[in-house]
Each structure stands twice: as C-alpha cells, then as structure tokens.
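These notes are about the structure you will find just below.
The values are calculated or read from the model by the stated rules, or taken from the named source; none is laboratory data. A quick note: this is a predicted structure, and the numbers were derived from the prediction, not measured. Note: ideal-geometry Cβ built from the backbone for every residue, glycine included; neighbour counts use all protein chains shown.
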Amino acid sequence: MKANELPIITFLQAVNVQFVIPVYQRNYDWKNAECKELLNDIISVETENRGTHFIGSIVFVHEGTYSTSEVKELVIIDGQQRLTTINILYVALYRFAKENSKAQDAEKLYNMFLTNQYVQNESSKLKLKQTDTNSLAFKAIMLGTQNEFATFSNVIENYNYFRSCINEENFDLILRGLNRLIFVEISLERDKDDPQRIFESLNSTGLDLSQSDLIRNFILMDLPPKDQNRIFETIWNPIEENAKDIVKQSSLVSDFIRDYLTLRNKKIPNKNKVYAEFKSLYSNKKEEAYHQELENIKSLSVHYKKLVNPTTVSDANIRKELEYINRLEINVAYPFLLQVFEDAENGLLSKEDLLKILKLIQSYAWRRFIVGLPTNALNKIFMSLYAEVDTEEYYDSLAKVLLKKKGSAKFPTNEDLKTALRDKDLYNTQPKNRNYLFEMLENYNNREYVNTNNEHITIEHIFPRNPNTDWSTELSPEDYFLFKEKHLNTIGNLTLSGNNGALSNKSFLSKKEMNIDGNEQGYNYSRLWLNTYLKSLNSWNVAKYEERLNIIYDRFLKIWEYPDVVIFESEDSSDEQNIFDAESPKNKKLEYFIFENTTIEEDTVARMYFYVIRNLYEKNSQLLLNSQDIFKITRNTTDFRAPQEIINGWYVESNIDSNTKFASLKRLLTLFEMEEELSIKYSSGTENQSEPNRFNIRKKYWQQLLPLIENTSLFSNVNASKESWISSGAGIAGLSFTFVISKSYARIEMTILTSSKETNKMYFKRLHKNKEIIEQTFGKKLVWEELPENKMCRIKFEKQDVNLYNESDWETMNEFMVSNLPIFEKAFQPFIKNIR
C-alpha cells in the first residue's frame, strides 16, 4: 500500500488511465446539496487565497486483472462519490466552454481531464468508467443529450445544477479553484493488500455508507473481476431489486438483511451492527456453505418483495392478507414470514394453510392491540417463532405455540376481547388501525366490497360527542352519564355514515329517519352492515348499546378468530414465558432462554444465571457492584462457599438452588429496569404425554444415527437437529444429500434447491438424462419428482412402514440410511460435478 498527497488535477490528467467504478460500489448518491458544498469550497479556496483545500482520500487497486494493453485501469474502492462529482463538474465546464466560443478551453478539458485522447478502444476512451445507468447518463451529458435521457439520474441532476452555476464571471475562477484541490491517493496492489480491511478502516468525507453498502462490498470486493460481475448480476443485483419499496423507489436492503439475520440467528441485530453481524458469520468466503447461503438470501429476498410490496403478488387472496399486514405495520413478523413463504414455495405447506397463517398473524396482532398488550413483546416472539414450527403440522403447531404464550406475549381470549371492546377508545386511535377495523367489520362476507376509506364515509357517533338537549330528556341520567363518560368512543357507539355532517348531534330518531330534500341521510337508508341493527330501533340507550356491542363482538370473533386447535395439558406446561410469570424451576431443565432479544439454547438454570449477571455487569458495572444489599458480588473468593468467577475477577456464589437463582435474577432485573428482558422456555419431557414431543424424538434419533454413518464423508460436519430432515452439501450450491424421517417412512434424497426455480428444473432434467446409469449404479429404482408447481425438485429412495415414534423401528431405519447412503452418493457424484 502506498499513500501520497497530491493535487486532484495531477491524478485526473494522468495519461492513458481509466478510473473504474466496480459493480459492488453503491450507486452514485450525491445530490445538489453535496454538489453545492463542493462548489462553494472550490470557489472560496481561490477567492480567499487559502492555498489548498483537502477533499479526503481516493483508494484504488492497480495492476492485476484489470490492466489492459491500452490503458491502466485503477479500480476505485473508496472515493467514487467525490471522483464522479468532480468529473461531472469538468463535463459542465467543458460543455459551457464548447457552447460559449471557448474552443481552446473546451479542447483542453476534453482531452486532458475527460478522455484518453489517443486510445483506439472505444470502451477505454472515457477516463471515468461507470456501471449501469450512471454510465449511460454520463455519456449523455458528454454529448449534450441529457434532455433525452428517460430515467431519473443523479448524474444528470447534478450536471444541470453545475451548469446553472457556471457563467462567464466564474468559469476561470472555478478552474483555478479545482487546481487547489488536494487529496490523499492510496494505491493498493492486487494480491498483496487487503482492500476490504482498508476500506472499512477509512473515515472518508462524503455520504455515510449504509449497512447494505458495506455488505455488498464485503461480498464482492475481493473476488476476481469475472466473479465480481457474475455474483453481482446473479445474486446481489436481484437482492437489491427485490428489497426495494417500489412506490418510494427506496432501498430496503439493510432492513431485509436485518430480518434475514434475525431469522437465522434468532436474535435481532442492532440497525447499525447489521454488517458486523453478517461479516462475523462468513469468515471463510471460499466454503460451499457460504455460496449456498448467498443463494438462500437471494431466494428469501423474493419473498421480502411480496411482504413490502403486496401489489406484486399475483394471488388475490394472499395479496389482500399481505396488504392488511403491511397496513398494520406488523413488520416484526417479516423474519418469520420469509421462511414461511419459502416453505410454501417448496411445497411444505399448502396455499390454504399459508392463508390461514397470514390471518392467524393478523388475529394475534389485532387482538393484542384491542386488549392493549405491548407491541414490543412481538419482537421476541417472532424472532424465534419459526424454530417452534413443526413442518409436518404447520398451521396447527404454529397456532399451539402462540396459544401457549403467557404474560405480555399471550394470545388474547374471546373473553379478554369482550371486556376490552366495551372499554377501549377506538375513535381516538391511529387512523391506520381505525380504518382497518371498520373496513374489516363492514366487508366481512360482503359480496360487494365497500370502500370504507372513501372520503365521503366518516365515523359517526350514535350518541354524539356534543349531544343536543333531546338526548338528556330521552335518556335516563345513568345512561346519559355512561354514554358521555364511558361508552362514547367505543365500538358499540360508533358507526359509518356518508352524512355525518347532516346527522351531527341530533336525536336518535332524527338521525335514523332523516330524509331532507329526499337525500336519504338517515340510518334507515344506509346500505352499510354497521347500520343494519340501528334501522330496527326507535331509541338508543345503554341496553341497546349492549345488544349492538354483542352483535359486533360476534362478527369480530368470526373475522379475527381464536385458533381451533387442541392443546394437551402436558403440552401447555412448557411454553415460553417471562421469568416473573414462570413456575418454580425446581427439577426442571431449560430448552432455551431469551435475554435482550437474543435466544440462547441452554438447558441449565445455572448457566443462564451466570450469563445474565455477566451481561448486566457489562451493561452497567457500577450499578451492579454498588447494590451489595440486594446481590453479593466481590473479588474475595473466601466470601463464598463455592465461588464462581463472572468477569474480570468478580465472583458470586454458585452453590445455591434454582429457586434462589431465580429470585436473585428477578431482583437484579428490577434494579436495572429490565423486567421484560428475560424469558425462558422449560424443556418438556416425553414421559406420560398424550402426544410424543416430535422435536425431542427427532433430535434423539439424529444423535444416534450420525455416528453410525460410514464409507462417506457426508454428514461429517452436520449436527443433530430437531427437524424431520438433515442435509449435507453435494459440492454444488443448491444440491444436497438429505435424510428425511417421519411416522410412516425413512428417506434418502437428492435435494435440488437453488434460489432459482428455472435452475432447479434445469439441474433436474440434466440428471434425469442419466437416469438409467444412476439407477444402474445405485442398484435400485429411484423416484424422480420434478414437482413442477414447486421451486424444489428431488430424487428419492424410501423405506415405507417404519415409524420414527416407535423406537423399535430405529434399527431398521438406521440400516436403511447407513447402507444406502454411500452407494446413493456414488451414483450421483459423477453427474453432479458436470451439472453446470
């Protein structure tokens, strides 16, 4: 690495040099505001005679693959925003000179700063080599055809800004100011320096890089140029296109990667730590698993597009439910839904179950809103929810998990709702929630959709907010008081009307029968369901209010259903719950705990105890150490019967029972005001249960099978899982050898699952061409499933009539798996190597 300080004009005037903006660089993002600041600096450094003005650093990679016989290509890895902007300014100066009889200046600017005068290859002519639309926009301003450019471009916007600023008086002034700009040139040599590490450590001026910019650079920067372009075109560019708000045309890549990491790690990363979290997962970018994961991220981005842009979904029913989820801003469910949609595409759940799940999430979130449960609890629920889904019973297992939640995570019951609907102010709430409520109530089972968001339809108080004197005479004092003080803004007293202004504060009968000038303003003439009951009344009082509330309540339960699934008593004992709500931990093991949005799979209370104390120390050591009256922590080991070091030579007592540990944690969490930050899930054993615990049994089966595998390296780095399948890579991203177990069969399969359905079908057909040889080598017939409706394909060999949940069948299943796997691998391997 070499660093030199020099004038920018020296850098730009270099002969036969091209400044290459690689594909992994973010788009050109500078706007007029940044250009204005730069131009002011250029003018002021000259007018104030300040000597020089420092504009930061420009980092580039030289030599290596980018070199050509005609020009020396410098690959810009930092400073492209400034470099591009200065080039645009030079183009503006060139065009001004050309159009204002300054031929000599125009020629000098064109040949010295903008082009390589004597090269023959047209692609090497321009000194600034950009990508995509930026390149086309730059050529347009060079040719003066920017007004014909169809799409929006910051290149053209900033060129137009500079042109509007340049005039006869300041033309030479700007040129002299440019001569005073200096920068630090940092030159890296390919294969010797580490561009990624240097890039991260730079603190350059300009716009801050987003988390997605950093991730893109991490993925692409140190690849050979050919691979850079391939990965950019096949992986990264599709991700950027999918993770975009198509209305606002704004990038959502950082948000998408954050949701992906939440799904993968069961932990929500800080918004400013998304890149760091992503990078920590993939230290070795040469491993097949890394490239397979990039394919997986791309695949999930397709589903993210559906979540953030429901209008792009072709199925009308799914589109409608996603629009509701989008409108309610249940964004915390996105990590979970990414995998649900991926599973649906791979045939693990039907379209009907997918719709039921989308409605279930709405019902869960909306019921919680009605009863007033905290929304921040949803973060912890959805970040680890997928891990609790049993794909063999997709909807039912999900419904059971949600119904077993307690405390701030609970799924409100019908009785909870009835109480809340009687008391909750649903008028003075966020418009998105209010509009959703009335739209759903009005349109349930309606053959003809009613647009309740129509500006002519507004919310009407049956008992008015400012009642006229008729109401005080028509109602008893008790009813008048209850309406005024308690029921006024509740759903039982609210309806919709296209004539709210006319109805105003009039008596109930006047509102019902109003027909001034034949305009049919009253409830009697309304076609809305919400006014149906009102047509049958001649008065409005608390008794009628209660009756209408019950009618709305019944409809509410049909729209936002409480799941109809059976939960066995033994199942209900092992739900995730806040430590303050949990039963005594005596004689119990943990399945996992969640502390500050991080899920830790740990089975002992003691390890959780030490983990939480260590984290509290790191959060605020002074508070912890100054609270000896509620928790003893010292540096003196003799203060304890069984001292346990927590951190930095600080010890606590470890020889205490689980109940005492729980009590200490509760005191500490209260001290730190973190009562909602620790949840636990007890492990549920399989003894005396009405249903077997599928997760535990599966994991136990895999644990005993994996050590038995021989005569192959497959599954050597695979751990036991609670899922019904485990996979081992086949050497090509998207292809894997898979074991599958269930209550009716054991299976070995070749799974074909890249991010592209078209690629999967192509791979399948290429393997299928060799079906006869593959089956001859294997020695048995295989089942070939292209699965045209799904994204994945598979080729499988099954053993029927064995039951995972009958342990006496395990020996037969093991023999089937272990004996067939090496031959299965041998049959496919020659054709997998050449499948691309």
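Those residues that are basic (Lys, Arg) and either within 16 Å of Arg667 (Cβ to Cβ) or not in a helix (DSSP H, G or I) (or both), I need them from segment 606-650; list them, please. Those that are basic (Lys, Arg) and either within 16 Å of Arg667 (Cβ to Cβ) or not in a helix (DSSP H, G or I) (or both): Lys619, Lys632, Arg635, Arg641.
Among what's in segment 375-396 and is outside any helix (DSSP H, G or I) and either acidic (Asp, Glu) or in contact (Cβ under 8 Å) with a residue 60 or more places away in the chain (or both), pick the residue that is farthest from Leu322 (Cα to Cα). Before you say what the answer is, go through the steps one by one.
Taking segment 375-396 and keeping what is outside any helix (DSSP H, G or I), we get 375-376, 384, 389-390.
Narrowing the set further to residues that are either acidic (Asp, Glu) or in contact (Cβ under 8 Å) with a residue 60 or more places away in the chain (or both) leaves 376, 384, 390.
Working: Asn376: 21, Ser384: 21, Asp390: 23 Å.
Restricting to residues being outside any helix (DSSP H, G or I) and either acidic (Asp, Glu) or in contact (Cβ under 8 Å) with a residue 60 or more places away in the chain (or both), the top hit is Asp390.
Name the single residue, out of those in segment 427-453 being among the aliphatic types (A, V, I, L, M) and over 30 Å from the mean Cα position of the chain (by Cα), that is nearest to Leu482 (Cα to Cα).
Here is the first cut: in segment 427-453, the residues among the aliphatic types (A, V, I, L, M) are 437, 440-441, 450.
Next, only the ones that are over 30 Å from the mean Cα position of the chain (by Cα) stay: 441, 450.
Working: Leu441: 25, Val450: 32 Å.
Here the residue is Leu441.
Screening the candidates Gln776, Gln800 for the property of being of a type in the set (S, T, N, Q) and touching a strand residue (DSSP E or B) at 6+ places or on another chain (Cβ under 7 Å) yields one hit, Gln800.
Among Ser504, Ser476, Ser408, Ser510, which is the only one that is loosely packed, with under 12 Cβ neighbours inside 10 Å and of a type in the set (Ser, Thr, Tyr)? None of the others qualify; the one that does is Ser476. Here segment 21-65 is the region considered, the condition is being of a type in the set (Ser, Thr, Tyr), modelled with pLDDT of 85 or more and in a loop (DSSP other than H, G, I, E, B), and the residue that is nearest to the chain's Cα centre (by Cα) is Tyr28. Looking only at residues in segment 711-726 that are aliphatic (A, V, I, L, M) and in a loop (DSSP other than H, G, I, E, B), the one that is farthest from Ser756 (Cα to Cα) is Ala720.
Checked against (1) farther than 23 Å from Tyr110 by Cβ; (2) touching a strand residue (DSSP E or B) at 6+ places or on another chain (Cβ under 8 Å), Asn16 meets all criteria but (1).
Only residues that are more than 25 Å from Asn587 (Cβ to Cβ), among the small types (Gly, Ala, Ser) and touching a residue at least 24 places away in the same chain (Cβ under 8 Å) were counted across segment 601-660, and they come to 1.
From the list Ser621, Ser536, which residue is loosely packed, with under 14 Cβ neighbours inside 10 Å and small (Gly, Ala, Ser)?
Details: Ser621 fails: loosely packed, with under 14 Cβ neighbours inside 10 Å.
Only one candidate passes the filter, namely Ser536.
Can you find even one residue in segment 361-371 that is in contact (Cβ under 8 Å) with a residue 12 or more places away in the chain and either touching a Lys or Arg at 6+ places or on another chain (Cβ under 7 Å) or outside the structural domain of Glu321 (by TED's automatic domain parsing) (or both)? Yes, there is a match, as at least one residue in segment 361-371 is in contact (Cβ under 8 Å) with a residue 12 or more places away in the chain and either touching a Lys or Arg at 6+ places or on another chain (Cβ under 7 Å) or outside the structural domain of Glu321 (by TED's automatic domain parsing) (or both). Of the numbered criteria (1) surrounded by fewer than 18 Cβ atoms within 10 Å (Cβ to Cβ); (2) modelled with pLDDT of 90 or more, the one Asp517 fails is (2).
Taking segment 252-293 only, how many residues are among the hydroxyl-bearing types (Ser, Thr, Tyr), surrounded by fewer than 21 Cβ atoms within 10 Å (Cβ to Cβ) and part of a helix (DSSP H, G or I)?
Initially, segment 252-293 is screened for residues among the hydroxyl-bearing types (Ser, Thr, Tyr), giving 254, 260, 262, 275, 280, 282-283, 290.
Restricting the remaining residues to those that are surrounded by fewer than 21 Cβ atoms within 10 Å (Cβ to Cβ) gives 254, 280, 282-283, 290.
Filter once more, so that each one left must be part of a helix (DSSP H, G or I): 254, 280, 290.
Selection size over segment 252-293: 3.
Counting only helices (runs of 4 or more DSSP H) wholly contained in segment 727-833, the ones carrying 2 or more residues that are at negative phi, surrounded by fewer than 18 Cβ atoms within 10 Å (Cβ to Cβ) and polar (S, T, N, Q) occupy 771-778, 810-833.
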